[in-house]
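What follows draws every value from the coordinates through simple rules; no lab data is involved. From a predicted model like this one, the values you see are computed outputs, not experimental measurements. Glycine gets a Cβ as well: all are built from the backbone with ideal geometry, and neighbour counts include every protein chain shown.
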Amino acid sequence: MEEGDDCAPPGSYARLHIKEVPISVASKLSLLARTIPIVSCGLLQHQSKMSVLHFSIKKHDSYDAPI
């Protein structure tokens, strides 16, 4: 496998599938996702802290609300 084969290319959209989410949480997220973007994050197994990230955000053409 070449390096980067398991990564999404920059500028692309990805669909995230999460297993074993309680139905009540999944329904609330599903309703929220219709009106606002949902952000997911996490730590790798060897990581123990989160840090500050600096990045730019570009809205999708179909999203009209402010970020």
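Which whole-percent values make up P(r) of the chain when all C-alpha to C-alpha distances are grouped in 10 Å steps starting at zero? Reading the bins upward from 0: 12, 36, 41, 11, 0. For a straight C-alpha distance cut-off of 19 angstrom, the lysines reachable from residue 28 (same-chain residues fewer than eight places away being disregarded) are 19.
The residue list 39, 22, 55 was ranked by how far each Cα lies along the charge dipole of the stretch 4-67 toward its positive end, using unit charges on Cβ atoms, and 22 comes out on top. Rounded to the nearest Hz, the phi-derived 3J(HN,Hα) couplings of the stretch 23-28 under the Karplus curve 6.51 cos²θ - 1.76 cosθ + 1.60 (θ = phi - 60°) are 3, 4, 5, 4, 5, 5, where x marks glycine and proline. Shown here for the chain: trypsin sites (Lys or Arg not before Pro) in loop regions (DSSP other than H, G, I, E, B) with at most 13 other Cβ atoms within 10 Å, namely 15, 19, 34, 49, 58, 59.
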